[in-house]
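Worksheet: one structure, shown below.
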Amino acid sequence: MGTKSEVRDINLWESGKRKIDWVESNMPLLRGIKAEFENTKPFAGLKVALSVHLEAKTAYLCKVFAAGGAEMYITGSNPLSTQDDVAAALVHEGLSVFAWYNASAEEYERHIAKVIEAAPNIIIDDGGDLVTLIHTKYQHLLENVIGGCEETTTGILRLISMNKENKLKFPMVLVNDADCKHLFDNRYGTGQSVWDGINRTTNLIVAGKNVVVAGYGWCGKGVAMRAKGLGASVIVTEIEPIKAMEAVMDGFKVMPMNEAAKIGDFFVTVTGCNKVITEADFNVMKNGAICCNAGHFDCEVDVAELKSIAVQEKLARNNIQGYKLKNNNWIYVIAEGRLVNLAAGDGHPAEIMDMSFAIQALSALYLVSNKGKLNDKIIRVPKEVDTEVATRQLGFWGVNIDKLTPEQEKYLGSWT
């Protein structure tokens with residue numbers, strides 16, 4: 001049993017193990033990679049630091065790395081997405097875990113620091129907290145790092161910013177940019193899991209309601225698509241003309257947030273930016289409007305501003321906080337404005353995360369296999385990794401596709 005850990009209650013491990021066993025049975029890509037890693041041990045002698053939403057699918061990814069010989073140091077990437085029984089199950093299997101549900105800001109920062117203090121060789125990040133910390137407060141440990149992988153759009157934006165300023169000191173693979181990640185995880189995974197979280201938390205009907213989706217990237221497209229499927233009238237807010245045009249052609253209304261705020265019943269932010277819904281919007285919302293966030297950080301719905309203008313506050317339902325404004329309207333926020341699909345649900349479906357985490361595992365293998373050979377700090381997922389994951393997935397589905405004949409390859413490769 002792991003002793004270098006901080007979890008809420010180790011006695012919860014059996015419940016966590018059942019969750020991990022369930023997702024394992026539904027993640028064939030990772031099962032296959034795990035079997036390969038057990039034979040080849042590509043991470044033998046290496047320490048892997050991982051900060052990803054700590055629930056069952058992430059736990060299985062940790063077991064895959066451990067099967068490959070890695071010494072695992074694990075924390076969560078959001079205080080409200082860690083599942084204590086899953087964390088306990090990993091400790092019970094001998095992995096080092098520093099995370100618990102509803103951690104305070106001090107506890108969350110301490111847990112991240114514990115993972116970095118292990119002097120990792122590979123970093124698996126979700127949002128950039130590990131990379132930022134080692135570059136700011138633990139620079140003496142940078143020399144140990146071979147490289148890392150970033151899971152999210154938000155984290156990638158931070159990495160690109162660091163690299164522009166020549167601050168990024170080791171190569172990072174942009175996992176989110178892989179086709180087998182963002183085309184499926186961001187769209188279908190976010191689309192389903194966001195509404196799973198909203199529906200189980202509110203127990204309200206979506207059909208016939210006005211749903212406002214802020215941001216029409218891949219995640220926003222998924223949220224809007226599923227809202228439409230549930231019978232809602234969907235309104236999209238955007239800052240980019242081309243994405244706004246896409247939303248219009250996909251059949252959705254597009255308008256500024258302050259206009260949408262007047263008619264929305266549900267509000268879902270998926271922008272990666274801050275202050276997307278602010279005081280001016282809260283003040284014109286209907287009584288009973290429900291706000292939630294599916295972007296990485298809890299700054300898209302400005303909950304602090306909402307609290308400051310509220311004349312009364314109450315816990316309306318488990319994980320739903322109500323705020324009464326001067327106009328007597330109640331505005332409700334799910335999961336404190338944190339990731340609704342994880343803070344109020346179980347996150348993406350197992351089959352979706354199977355693809356995303358397969359990209360993570362194979363990208364980490366790519367870093368180790370090319371240690372010292374990568375000159376760039378920003379690394380795109382190699383096309384062959386994307387293709388390998390897609391090919392394996394089609395095989396599990398029993399789907400066969402055509403292949404180019406030599407004559408066709410010659411035709412496509414000729415300018416004449």
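The values are calculated or read from the model by the stated rules, or taken from the named source; none is laboratory data. Keep in mind that what you see is a predicted model, and the values were worked out from it rather than measured. Please note: Cβ atoms are built from the backbone with ideal geometry, for glycine as well, and neighbour counts cover all protein chains shown. With ligands, DNA and RNA removed, areas are computed over all heavy atoms of the protein, side chains included. Shrake-Rupley method; radii C 1.70, N 1.55, O 1.52, S 1.80 Å.
Pairing residues of segment 282-303 that are modelled with pLDDT under 95 with residues that are open to solvent by 50 Å² or more (accessible area, probe 1.4 Å) and outside any loop (DSSP other than H, G, I, E, B), at Cβ distances under 8 Å and at least 6 apart in sequence or on separate chains, gives His296/Thr153; Asp298/Glu336.
Taking helices (runs of 4 or more DSSP H) that fall entirely within segment 22-96, which contain at least 3 residues that are under 30 Å from Thr391 (Cα atoms)?
The helices (runs of 4 or more DSSP H) meeting that bar are 28-40, 56-67.
Only one of these conditions is not met by Asn287: (1) in contact with a strand residue (DSSP E or B) (Cβ under 7 Å, 6 or more places away or on another chain); (2) crowded, with 16+ Cβ neighbours inside 10 Å; (3) part of a loop (DSSP other than H, G, I, E, B). Which number is it? The number of the failed condition is (2). Taking the numbered list (1) open to solvent by 50 Å² or more (accessible area, probe 1.4 Å); (2) in contact with a strand residue (DSSP E or B) (Cβ under 8 Å, 6 or more places away or on another chain); (3) in a loop (DSSP other than H, G, I, E, B) in turn, Asn327 passes all entries but (2).
If you go through segment 379-397 and keep only what is open to solvent by 20 Å² or more (accessible area, probe 1.4 Å) and either under 30 Å from Val301 (Cα atoms) or assigned to a helix (DSSP H, G or I) (or both), you end up with Lys383, Glu384, Thr387, Glu388, Ala390, Thr391, Arg392, Leu394, Gly395, Phe396, Trp397.
Within segment 88-103, restricting attention to residues that are among the aromatic types (Phe, Trp, Tyr) and more than 16 Å from Lys47 (Cα to Cα), the residue that is most open to solvent (accessible area, probe 1.4 Å) is Tyr101. Just to be sure before I move on: is Ala361 surrounded by 24 or more Cβ atoms within 10 Å (Cβ to Cβ) and in contact with a Lys or Arg (Cβ under 9 Å, 6 or more places away or on another chain) in the structure I sent? Spelling it out, Ala361 is indeed surrounded by 24 or more Cβ atoms within 10 Å (Cβ to Cβ) and in contact with a Lys or Arg (Cβ under 9 Å, 6 or more places away or on another chain). Would you point out the residue of segment 155-185, among those that are crowded, with 19+ Cβ neighbours inside 10 Å and either free of Cβ contacts under 8 Å to residues at least 24 places away in the same chain or polar (S, T, N, Q) (or both), that is nearest to Glu300 (Cα to Cα)? Result: Ile156. Selection of segment 119-156 for residues being part of a strand (DSSP E or B) and hydrophobic (A, V, I, L, M, F, W, C) yields Ile122, Ile123, Ile124, Cys149.
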